[in-house]
Amino acid sequence: MVALDEVSIDLVAGEVHAIVGENGAGKSTLAKCIAGAQLQESGGILVGGKEVQFRGRRDSIAAGIGYVPQALSLVGALTLVENLMLARGGFLTDRVAARADLAAAATRLGADLALDLPTLRLSLSEMQLAEIALALAQGARVLLLDEPTSTLGPVEIDRLIACMRELARDGIAVCIVTHRIVEVLNGADRVSVLRGGKLVHHGSTKDLAADALAQLIVGERVRNVLPRMRTVTPGPSRLRAQGLHVQENDMTLLDDVSVEVRSGEIVGIAGVAGPSQPALAQTLVGIRRPTRGVVTIDGVDITGKPQEGAALNVAFVPDKRSEGLVLERSIAENASFMRLHHADFQKFGLRRPKVEESYAQAICNAFDVRPPRPALLAAGLSGGNQQKLLVGREIDGTPSVIVVHGPTQGLDLAAAASIRNRLAAAASAGSAVVVISADLDEILGISDRVVVLTHGRITDTIEVEDGKVDMVRLGRAMTDAA
């Protein structure tokens, strides 16, 4: 798979440049290549008109390129001064000089940063500014920010945009990787749009309308989705979530989220990948207890009670395989974990290994898990075969509700199509199915209804009508441009 295909952009001193695109468009890869965090296979990087070769971040820092990744990189147990000393080569570096450089950087940002407090005690917005101050203190003339507002509230976002504008006026070339159209139109001078690893637009934001940018990001105005796998005749409501609010430290992951899924229906959850998606998945199956809100399955309250969900035959495929499989145990054990309480799987309170092996063999055969050897440790399977084992275990039988997060990650086209067909068959048999995926084509290809989750809020709900989806409307909802 090609992450970037002949992409060329220029970052100019005194400008704020935005890079936008869907999940998987290549935005972060491009930023990492410019920052020396990932080496490109072809092409070159010019700084001040001279081609440079980066072997890693130290080389790019020396060339004046600052980089703030999406997953913030501060060492939490260290102060900001100590983080800078560590970046400069260790604790034998000049502490007084490090402090002075950080104080000067904080002044440029107009920020009152706690230089001597362990950074783990800073708020998310303070950490974001601290990372930028760290880059400036290391002499950054080009500043790359990857999704810097994904964990910030409206006030902090406005403040950060103001900081970016001020840094640009001070002669810094600022580049922001984002998916939010409002930030692009309010904060950037120019924008580059990536789609499928290709550059599809590069130009000024002046006179660029939100709808036009949304269409550039998602492509055609109306997308014909994959042929419907079944005729949808939804039954009564099975899964109902009302007013879900989830808070983690000072970050709001879900903000008044309500979702209803009926028997026979597949609802897709679309949006830019982030912490809100796993929070929603875990809350819907009872693993995570929300601060507020209620989740019911067939009218039974399972809020924060995963054992109640399991008793009601709720199936769950998390986005991380390590959370669904015990890799140090055999395929047979992993396949049978959720059925050990069934009478067939035990006798006089003892497990029946032969039954487990027989069941695991059936799962391996049905879902093409290779090698199909029940005694093999799950760790011995490839990532794709681990995924098939996990999905197969969960959706086998007749679950009341199925919540799957990234169900086809790591699978080839044939295996992915097989999993989608099985999810469709489960819905036809009466299951209420929720599919959360960063792959927009997957969401559109399987869903009867698409719910857009952006920054922890539902920004739109779109029916798939006559095999078509209004992509401009979807793009606006995903980029929070409404």
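Observations, loosely collected:
- LEU117 meets each of the listed conditions (1) crowded, with 17+ Cβ neighbours inside 10 Å; (2) in a loop (DSSP other than H, G, I, E, B) apart from (1).
- Test: residue in the range 125-136 that is of a type outside the set (A, V, I, L, M), surrounded by 14 or more Cβ atoms within 10 Å (Cβ to Cβ) and farther than 27 Å from ASP480 by Cα: no
- Listed by position, the strands (runs of 3 or more DSSP E) contained in the range 376-482 that have at least 2 residues being within 22 Å of ILE297 (Cβ to Cβ) are 401-405, 432-436, 449-454, 457-463.
- Of all residues in the range 19-62, those satisfying the criterion of being farther than 19 Å from SER8 by Cα and either surrounded by 22 or more Cβ atoms within 10 Å (Cβ to Cβ) or not charged (D, E, K, R) (or both) are ASN23, GLY56, ILE61, ALA62.
- Residue in the range 444-467 that is among the basic types (Lys, Arg), assigned by TED's automatic domain parsing to the domain that holds VAL300, more than 25 Å from ALA360 (Cα to Cα) and surrounded by fewer than 21 Cβ atoms within 10 Å (Cβ to Cβ) present: yes
- Every condition in (1) under 25 Å from the mean Cα position of the chain (by Cα); (2) crowded, with 19+ Cβ neighbours inside 10 Å; (3) acidic (Asp, Glu) holds for ASP5 except the one numbered (2).
- Residue within the range 287-300 that is more than 21 Å from the chain's Cα centre (by Cα), crowded, with 21+ Cβ neighbours inside 10 Å and in the same structural domain as VAL401 (by TED's automatic domain parsing) present: yes
- Members of the range 149-169 that are over 17 Å from ILE19 (Cβ atoms), in contact with a helix residue (DSSP H, G or I) (Cβ under 7 Å, 6 or more places away or on another chain) and not in a helix (DSSP H, G or I): THR151, LEU152
- The range 139-165, subset surrounded by 20 or more Cβ atoms within 10 Å (Cβ to Cβ) and more than 16 Å from GLY187 (Cβ to Cβ), residue modelled with the lowest pLDDT: THR151
- In the condition set (1) in a loop (DSSP other than H, G, I, E, B); (2) surrounded by fewer than 24 Cβ atoms within 10 Å (Cβ to Cβ); (3) within 26 Å of the chain's Cα centre (by Cα), LEU208 is compliant with all but (3).
- Pairs where the first residue, in the range 276-300, is free of Cβ contacts under 8 Å to residues at least 24 places away in the same chain and of a type in the set (Lys, Arg) and the second is in a strand (DSSP E or B) and surrounded by 21 or more Cβ atoms within 10 Å (Cβ to Cβ), C-beta under 9 Å, 6+ apart: ARG289/VAL246
- Answer residue from the range 396-430, given it is within 18 Å of the chain's Cα centre (by Cα) and not hydrophobic (A, V, I, L, M, F, W, C) and is farthest from VAL261 (Cα to Cα) among those: GLY410
- GLU323 being of a type outside the set (Gly, Ala, Ser) and over 18 Å from ILE402 (Cα atoms): no
The values are calculated or read from the model by the stated rules, or taken from the named source; none is laboratory data. Predicted model only: the values in this text are computed from it and were never measured. Using ideal geometry, Cβ is built from the backbone for each residue, glycine included, and neighbour counts are taken over all protein chains shown.
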